[in-house]
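Participant: Questions regarding the structure given below will be posed in turn.
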C-alpha cells in the first residue's frame, strides 16, 4: 500500500496506464464514486468503475498516457473558476487534481483532468474531465507561442 497521498495517486495513474485493474481495487474506497460531468454519468462502487474500464470500445489504451509528465496538484488548497463561473476546489487536504495527456485509439491526443478525493487513505471519489487537443486559432498566433 502506498504511504503518502502522492504515492497513492501516482500508483492510481500507473494502474490506469497499465490496465492493472486487479491491483487498482486495493486502493479504491468501498464506497467509491466516479463522475464524468460532461456526460452526466456516475459510477457507484468499484464494480461499476471496473465494468466501464473493461467495456471501453477497442480495449483500454494501456501505455498511451504520459505518466512521467503527469501533473499532480494537492500540496496546498487550489481553486478554479469554470466557464460558467462556478468555483470548484482543485486541491486541499484530501483533494488532489491530476492532469495527464493520453492518446486515444484513433490517435487523437486528449488531456484528462481528474479531481480525486481521498477517504481513509483510499480513493473515494473521482471527477474526471476529458479535453481534446486542438490547433490554436489564427487570431492568437501573433500573441502566443507554442508549448
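The values are calculated or read from the model by the stated rules, or taken from the named source; none is laboratory data. Every value quoted in this text rests on a predicted model; they were computed, and no experiment measured them. Cβ atoms come from the backbone with ideal geometry, glycine included; neighbour counts cover every protein chain shown.
Participant: Of everything in region 1-18, what is surrounded by 17 or more Cβ atoms within 10 Å (Cβ to Cβ) and under 14 Å from the mean Cα position of the chain (by Cα)? Give them in sequence order. Can you show your working first?
Facilitator: To start, the set of residues in region 1-18 that are surrounded by 17 or more Cβ atoms within 10 Å (Cβ to Cβ) comprises 5, 8-9, 11-13, 15-17.
Those that are surrounded by 17 or more Cβ atoms within 10 Å (Cβ to Cβ) and under 14 Å from the mean Cα position of the chain (by Cα): 8, 9, 11, 12, 13, 15, 16, 17.
Participant: Can residue 5 be described as at pLDDT 95 or above, out of contact with any helix residue (DSSP H, G or I) (no Cβ under 6 Å at 6 or more places or on another chain) and on the phi < 0 side of the Ramachandran plot?
Facilitator: The answer is no for residue 5.
Participant: Inspect region 100-109 for any residue being surrounded by 16 or more Cβ atoms within 10 Å (Cβ to Cβ), under 15 Å from residue 6 (Cβ atoms) and over 8 Å from the mean Cα position of the chain (by Cα) and give the result as yes or no.
Facilitator: no
Participant: Of all the residues that make up region 103-114, how many are assigned to a strand (DSSP E or B) and either touching a helix residue (DSSP H, G or I) at 6+ places or on another chain (Cβ under 7 Å) or modelled with pLDDT of 85 or more (or both)?
Facilitator: 6
Participant: Let me ask you something else. In region 115-138, which residues are without any contact (Cβ under 8 Å) to a residue 40 or more places away in the chain, in a loop (DSSP other than H, G, I, E, B) and in contact with a strand residue (DSSP E or B) (Cβ under 7 Å, 6 or more places away or on another chain)?
Facilitator: 133
Participant: So, one more: Here are some conditions: (1) at pLDDT below 75; (2) closer than 17 Å to residue 128 by Cβ; (3) assigned to a helix (DSSP H, G or I). Residue 80 meets all but one. Which one does it not meet?
Facilitator: Of the numbered conditions (1) at pLDDT below 75; (2) closer than 17 Å to residue 128 by Cβ; (3) assigned to a helix (DSSP H, G or I), the odd one out for residue 80 is (3).
Participant: Moving on to the next point. In region 28-45, how many are under 15 Å from the mean Cα position of the chain (by Cα) and buried (at least 16 other Cβ atoms within 10 Å of the Cβ)?
Facilitator: 6
Participant: Quickly run through region 83-94 and pick out the residues that are modelled with pLDDT of 70 or more, assigned to a loop (DSSP other than H, G, I, E, B) and under 24 Å from residue 118 (Cβ atoms).
Facilitator: Passing the criteria: 86, 94.
Participant: Does residue 72 satisfy the condition of being touching a strand residue (DSSP E or B) at 6+ places or on another chain (Cβ under 6 Å), modelled with pLDDT of 80 or more and within 16 Å of residue 11 (Cβ to Cβ)?
Facilitator: So residue 72 does not fit the description; no.
Participant: Checking the structure you have, find out if any residue of region 46-67 is out of contact with any helix residue (DSSP H, G or I) (no Cβ under 9 Å at 6 or more places or on another chain), assigned to a helix (DSSP H, G or I), surrounded by fewer than 10 Cβ atoms within 10 Å (Cβ to Cβ) and at pLDDT below 75.
Facilitator: no
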